[in-house]
1. Obtain the nm distance between the two label points defined at Arg292 and Ser418 by a simple spin-label model: each point lies 7 Å from its Cα along the Cα-to-C-beta direction.
2. If you stretched the chain out fully between Arg153 and Asp253, how much longer would it get, using 0.36 nm times the residue separation minus the C-alpha to C-alpha distance?
3. Based on DSSP, what percent of beta bridges with both residues in the chain are antiparallel, to the nearest 5?
4. Please report the carbon-and-sulfur percent of the accessible area for the range 397-463; probe 1.4 Å, protein heavy atoms only, DNA, RNA and ligands left out.
5. Working from Cα positions, state the angle (0 to 90°, nearest 10) between the long axis of helix 75-84 and the longest principal axis of the chain.
6. From the P(r) of the chain, can you give the percent of Cα pairs sitting at distances over 27 Å?
7. Compute the relative contact order of the range 355-402 as a whole-number percentage, counting only Cα pairs closer than 8 Å that sit 6 or more residues apart in sequence.
8. Given the peptides 327-340, 251-264, arrange them by the average over their residues of other C-beta atoms within 10 Å, most packed first.
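The values are calculated or read from the model by the stated rules, or taken from the named source; none is laboratory data. The shown structure was predicted, so the numbers you read here are calculated from the model rather than taken from an experiment. Neighbour counts are summed over all protein chains in view; Cβ atoms, including those assigned to glycine, are modelled from backbone coordinates with ideal geometry. Just so you know, the surface numbers come from the protein's heavy atoms only, side chains and all, with ligands and any DNA or RNA stripped out. Shrake-Rupley method; radii C 1.70, N 1.55, O 1.52, S 1.80 Å.
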Amino acid sequence: MSEQSSTESICMTEALILGGGVAGLTAAIHVLERGYRPLVLEAAPTPGGRVRSFVDPHTGEELDNGPHLLLGACQESLALLERLGSRSQLWQSDRMRIPFWTPAAGWYALDCPDWPTPWHLLAGLHRMPELTLGEKGLVLALGWHLARGIPPRPGQTVMHWLQERRQTTRLLHSLWEPLCLAIMNEPPASADAGLFMTVLRQVMAGKRGAGQLFISKVPLSRLLAEPACDFIQRQGGEVRCRSAVRQLIRQGDRVTAVVTAAGVLPVQGPVIAALPHHVLMRLIPDWDPGWRVTPAYAPIVSVHLRWPLPGRLPEPLVGLPAGVCHWLFDRALLAGDAELAPARISAVISGAYREVHWSTLRLLDMAYQATVALVPALGGLRVVATRDAKKGNQGLVLGRVVREWRATLAPWPDLVASRPGPKTPWRNLFLAGDWTQTGLPATIESAVCSGKTAATFPEQIPF
């Protein structure tokens, strides 16, 4: 990837991609297929957006902006990684198995064998002994409902929809709430039921393998952003970092130029804006995409911990329905570290409207206590932020907190219903991003789908 030069210059840019996150990089790869030479403009020092890694300057360890999980139903994302040659860097479960732990119930799992629908779900429910026979029947009935494809009513929340399907309080807390937080980054009381049902139908009532879990074994930049940039540049495109877009110049029904800090880029072809909504609105403040309510974002907090001694979770991913931390990822287990290598655990808090305001020390302690409850051998130590650690300190657990204040567009029913599609009032400007109308929650899969879709429109419109 190249950084911005002192004078912005190009001979001929056939496609400008604004934003080097997942959507922008995907769009660049697909416009290459259509004969365009993409120029990707990224404001940050490195590409990847919210799916990237960075080096902690205090420890030298490469950390993710936040752990991400893919499912077998994420066919576009998996196909993209296959094309980039990095799919082999994913840890893959052999079936739909989601382990959970609570202080009251201990260990349990939704563990479904690779059988046809709905028998895999029936077998998975049979393996959850903490549920009553009646509750298992209610989940199975919901599975049949998903298979029939009957959509929730417009504007309905996940909580209301589950109540209509007679799901009990225990089912809500032990199964549906953690799944909703993981899928939607939003609690059931405010998340859109239609989006939730779409993903559940793909995973629980879809093709074999749809519920398999995929987690990166390597830092996220090495999984997606770096291979994507290499691919784009090998094919004749370019990715320019530290090149923030300041203005879109429009005349009539076209975007005619893009202004960056270093100069003006004349536009000769399509422009794909793969930018966060709030950034795009600064560039074209006079455009109203038709939101019913003011767009809002749902935050995510990630906490990365490193112990001075070894220790492992029983599995690479564990859900904590009763905890403040919702998921624990064992980075050492995923990376295949030696058994005696230091423990490395990351905790994730989804829909963290409250927790994002907490102090770093409080968040570090929450993640530490959540881990020690599962692996007592890792207890008895003091946890400190990496920035506060001093050279030569021994016997400390080092932690780093990452707050993504604008992690995803809030999946509230009114916002979901008014997400814009790829077209705009300007015939050569198209939108991409996980927040656009993809029919999916704001996930990696949504970003990949949006980039691919936006790249199909330029060939349909003469320039």
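1. For the pair Arg292/Ser418, the computed spacing is 0.9 nm.
2. Stretched out fully, the Arg153 to Asp253 stretch lengthens by 32.3 nm.
3. Antiparallel bridges make up about 70 percent of those DSSP assigns within the chain.
4. Using a 1.4 Å probe with all protein chains present, the range 397-463 comes out at 55 percent carbon and sulfur.
5. 70
6. For the chain, the share of Cα pairs beyond 27 Å comes to 56 percent.
7. The value is 37 percent.
8. 327-340, 251-264
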